[in-house]
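Step one of this worksheet: look at the structure below.
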Amino acid sequence: MPHFSLTRESGFANHPKDMDWLRTNIPCQAACPAHTRIPDYLGEINKGNYAEAYFINLVDNVFPAVLGRVCSRPCEDVCRHGREGLGEPVAICFSKRAAADHGWDKLVVLEPLYPKTGKTVAIIGGGPAGLAAARELALYGHTPTVFEKHSSPGGMMNQGIPEFRLPRDVIEKEIEQIRRLGVEILCNQNIGVDTTIEELMKSYDAVIIAAGTLAPNILDLPGKDLGGIKHGLDFLLEANETGKSEIGQRVIVVGGGFTAMDCARTAIRLGSQSSVYYRRSRKEMSVTKDEIDELIHEKIPLELMVGPMAYLANGNGTDNVHHMRFIRNELGAPDASGRRSPVAVKGSEFDVDVDTVLLATGQWQDTTWLDKSIAPKVLDKNGWIRKGKPVTTDQPGLFLAGDYSIGASTLIEAIGHAKQCARAVDEYLVGEARVLDVAEISGGITDTGRVPEMDDVPRQGNPAIPLDKRSLRAEVETGYTRQLANRETMRCYLCHFKFEIDNDICIYCERCLEVKPHDNCIVRVDDLLYADDGRITGHVPAQDKRPHHYPLLYIDQDNCTRCGRCEKVCPVECISIQKVTHNTMRTCDVAKVQSPTKNWTFMGTTVADAKGAMVKWLAARDDVVVRREYAPIETPPVPGEGRTVFIRIEFEERITASN
Ligand SMILES: Cc1cc2nc3c(=O)[nH]c(=O)nc-3n(C[C@H](O)[C@H](O)[C@H](O)COP(=O)(O)OP(=O)(O)OC[C@H]3O[C@@H](n4cnc5c(N)ncnc54)[C@H](O)[C@@H]3O)c2cc1C
Ligand code: SF4
Ligand code: SF4
Ligand code: SF4
């Protein structure tokens with residue numbers, strides 16, 4: 001069985017083995033819902049190529065300068081640098097912002113992938129999902145029109161997230177790049193009021209609902225009709241648009257997500273004292289660590305493990321909330337979300353005086369405005385949007401994108417989902433899949449630019465303005481300087497480089513073992529473990545570690561930090577370096593670059609043995625088309641070792657849309 005972990009040395013491949021290599025070995029890119037080519041752009045930043053880094057991001061995630069500030073960063077949660085004993089994850093998000101800060105002065109307008117098709121698509125909702133879907137469809141050659149009920153596009157980017165976290169000119173500039181592709185954005189268009197989905201379906205070839213989660217979840221507690229209780233979304237919209245809101249001095253925020261943090265930090269900027277009350281522990285809060293750190297830095301009290309019980313008036317005839325009753329919780333068994341559910345501790349109730357309660361307790365999809373004929377095609381029998389994050393509906397030509405399908409999530413999840421949705425719309429409009437996910441493999445690399453000393457560089461913090469300069473509009477984080485960006489990006493292990501030893505050439509001199517910086521980056525093994533489809537799934541450590549007493553040397557990608565030391569000392573050049581990138585290609589381009597004929601030789605002690613090895617290999621390679629099989633060649637017998645039989649084949653590798 002050949003021991004290489006990819007199906008080819010260079011070119012494009014989408015065999016399960018190649019796609020699995022990407023998923024397993026570049027965890028940050030696999031975790032990004034938009035599959036952003038993270039090591040590629042971190043590498044560009046490190047070389048000082050900020051504009052290239054911005055461009056890579058733009059292609060993949062549509063709003064790089066926005067996400068560089070406020071992304072929820074699922075990539076950092078899985079970054080290999082953050083594993084136990086290796087330090088902190090690479091600051092992928094801060095680095096992304098550096099690419100925009102230092103490499104994005106003029107508008108960047110992408111080249112369409114396909115010529116104009118004449119097909120039109122109506123998109124309901126001008127949030128990140130609606131805009132991302134529009135951009136993708138414009139690149140596919142279609143003509144999208146976005147209908148937004150608010151006076152400006154952007155969705156929660158500007159209706160929810162405060163300006164001190166996300167400056168409005170950054171949002172506008174990235175939306176302008178989408179407009180320049182021919183996307184029309186019509187504001188003050190409330191679908192369900194100004195027109196209906198049915199009407200849109202008559203005038204457009206397809207319709208996408210990307211209307212977010214605008215229906216607030218109001219806590220059904222005693223006293224809920226008192227004055228002074230607002231939902232956080234209404235409060236933030238008012239504060240973001242007008243710069244003020246009547247909330248009094250004492251403000252309680254109930255919740256533990258982005259909306260809660262933003263409400264509390266906005267309230268103190270309006271001159272109030274705010275505190276956050278959350279029913280679970282800090283671990284269960286669905287915000288980045290930096291958001292909690294900033295809350296604490298701004299001296300906003302965070303009361304954890306407390307559940308709201310009732311809103312209370314002061315009994316002197318006013319109908320305003322005067323205090324709020326809470327009860328202390330302890331954590332019980334995990335709930336459906338996997339988070340441990342809070343359980344109230346009897347007798348631990350307490351009251352807090354308050355002028356305004358801001359509820360940041362979640363929001364749902366508003367389904368009240370859907371046409372009566374359309375609702376059953378989109379909703380389940382209980383009236384909820386169907387589960388499973390669907391992009392399609394039971395109505396041909398009607399699609400869903402972003403939070404309207406997946407529920408309240410994050411910018412990057414909404415954008416990733418919208419990209420999937422746009423692919424489905426394109427396939428519906430033209431009748432075929434015109435883009436394909438592939439592994440783009442570049443061989444013949446001799447240097448990654450890394451040295452082991454880079455592994456010890458600590459994570460660089462993001463500079464911020466001092467507390468006394470903070471206001472509703474002043475951006476808190478000021479972003480990396482070029483020097484900080486360079487230091488941070490050198491930490492990245494560049495997991496998209498693959499080091500591999502060709503054991504048929506290796507002379508087992510063990511020079512690579514002498515220079516390796518990590519105990520387990522190169523290991524002596526007795527065997528490699530394979531899945532049925534040919535993927536290498538593990539290795540069996542060698543029993544006898546003496547030179548020439550073990551059959552294979554293996555580079556464990558999980559422990560390799562791409563320093564290149566091994567490759568430089570190898571006297572027989574049997575260590576190869578390839579760059580492997582998850583890319584989205586036009587199907588027609590992939591077909592054009594299909595690799596030329598290759599050959600492979602199978603060995604055995606008998607003809608049947610060698611044939612058996614060949615059959616097993618072919619069974620695991622459904623992308624291989626054998627062009628020629630040569631007659632077996634037998635070597636003369638070697639005393640004590642017997643014969644060796646070789647069978648050579650020539651083959652082509654096929655790229656299929658099905659993968
Ligand atoms: C306060 C707050 C802070 C957040 N902070 C972060 C953060 O820091 N990081 C992060 O990753 N995520 C954050 N999120 C979540 C993130 O903003 C959302 O997940 C994301 O915006 C969802 O995108 P979307 O396009 O699906 O929906 P939305 O952004 O909600 O956009 C939907 C759009 O549809 C429009 N619309 C609705 N109904 C109609 C209709 N009938 N006709 C026409 N238009 C309509 C709305 O006006 C809106 O513009 C935050 C959310 C909130 C509320
Ligand atoms: S080290 Fe770099 S490439 Fe590897 S997971 Fe982290 S950010 Fe991604
Ligand atoms: S490049 Fe070679 S020496 Fe460097 S960490 Fe990887 S396997 Fe070890
Ligand atoms: S240096 Fe090269 S030849 Fe020597 S053991 Fe390592 S891989 Fe094999």
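The values are calculated or read from the model by the stated rules, or taken from the named source; none is laboratory data. Because the structure is a prediction, the values reported are computed rather than measured. Ideal geometry is used to build each Cβ from the backbone, glycine not excepted, and the neighbour counts take in all protein chains shown.
Has region 483-503 got at least one residue that is touching a Lys or Arg at 6+ places or on another chain (Cβ under 9 Å) and within 16 Å of ligand 1 (Cβ to nearest atom)? The answer is no, given that none of the residues of region 483-503 is touching a Lys or Arg at 6+ places or on another chain (Cβ under 9 Å) and within 16 Å of ligand 1 (Cβ to nearest atom).
Per this entry, residue 572 is not counted among residues that are more than 16 Å from ligand 2 (Cβ to nearest atom), assigned to a strand (DSSP E or B) and of a type in the set (A, V, I, L, M, F, W, C). Residues in region 556-580 that are modelled with pLDDT under 95 and among the hydroxyl-bearing types (Ser, Thr, Tyr): 576 only.
Quick grid of which residues meet (1) surrounded by 22 or more Cβ atoms within 10 Å (Cβ to Cβ); (2) assigned by TED's automatic domain parsing to the domain that holds residue 160; (3) modelled with pLDDT under 95; (4) over 20 Å from residue 449 (Cβ atoms):
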| residue | (1), (2), (3), (4) |
| --- | --- |
| 28 | yes, no, no, no |
| 34 | yes, no, no, yes |
| 42 | yes, no, no, no |
| 55 | no, no, no, no |
| 61 | yes, no, no, yes |
| 68 | yes, no, no, yes |
| 75 | yes, no, no, yes |
| 80 | no, no, no, no |
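Scanning region 23-65 for residues that are in a helix (DSSP H, G or I) and of a type in the set (D, E, K, R) yields 23, 40, 44, 52, 60. Are any of the residues in region 555-566 in contact (Cβ under 8 Å) with a residue 60 or more places away in the chain, under 26 Å from residue 617 (Cβ atoms), within 16 Å of ligand 2 (Cβ to nearest atom) and in contact with a helix residue (DSSP H, G or I) (Cβ under 8 Å, 6 or more places away or on another chain)? Looking through region 555-566, at least one residue is in contact (Cβ under 8 Å) with a residue 60 or more places away in the chain, under 26 Å from residue 617 (Cβ atoms), within 16 Å of ligand 2 (Cβ to nearest atom) and in contact with a helix residue (DSSP H, G or I) (Cβ under 8 Å, 6 or more places away or on another chain).
Here residue 500 fulfils each of the conditions (1) within 16 Å of ligand 3 (Cβ to nearest atom); (2) assigned to a loop (DSSP other than H, G, I, E, B); (3) among the acidic types (Asp, Glu) apart from (2).
Looking at 585, 614, 603, can you tell me which residue is more than 29 Å from residue 508 (Cα to Cα), in contact (Cβ under 8 Å) with a residue 12 or more places away in the chain and not polar (S, T, N, Q)? Within the list 585, 614, 603, the selection yields 585. Looking only at residues of region 159-171 that are in contact with a helix residue (DSSP H, G or I) (Cβ under 9 Å, 6 or more places away or on another chain) and of a type in the set (D, E, K, R), we find that the one that is surrounded by the fewest Cβ atoms within 10 Å (Cβ to Cβ) is 168.
Residue count for region 463-511 satisfying the condition of being in contact with a helix residue (DSSP H, G or I) (Cβ under 7 Å, 6 or more places away or on another chain), away from ligand 2 (no atom under 16 Å from the Cβ) and polar (S, T, N, Q): 1.
Within region 406-420, the residues that satisfy the criterion of being touching a residue at least 24 places away in the same chain (Cβ under 8 Å) and out of contact with any Leu (no Cβ under 7 Å at 6 or more places or on another chain) are 407, 408, 410, 413, 414, 415, 416, 417, 418, 419, 420.
Candidates in region 44-53 are the residues that are among the hydrophobic types (A, V, I, L, M, F, W, C) and within 25 Å of residue 112 (Cβ to Cβ); of these, the one that is surrounded by the most Cβ atoms within 10 Å (Cβ to Cβ) is 53.
Residue 220 fulfils the conditions (1) in the same structural domain as residue 359 (by TED's automatic domain parsing); (2) touching a residue at least 12 places away in the same chain (Cβ under 8 Å); (3) away from ligand 1 (no atom under 13 Å from the Cβ) except for a single criterion, (2).
In region 98-187, which helices (runs of 4 or more DSSP H) lie fully inside it and hold 3 or more residues that are in contact with a His (Cβ under 6 Å, 6 or more places away or on another chain), hydrophobic (A, V, I, L, M, F, W, C) and at positive phi?
On the way: elements: 128-139, 156-159, 168-179.
It comes to none.
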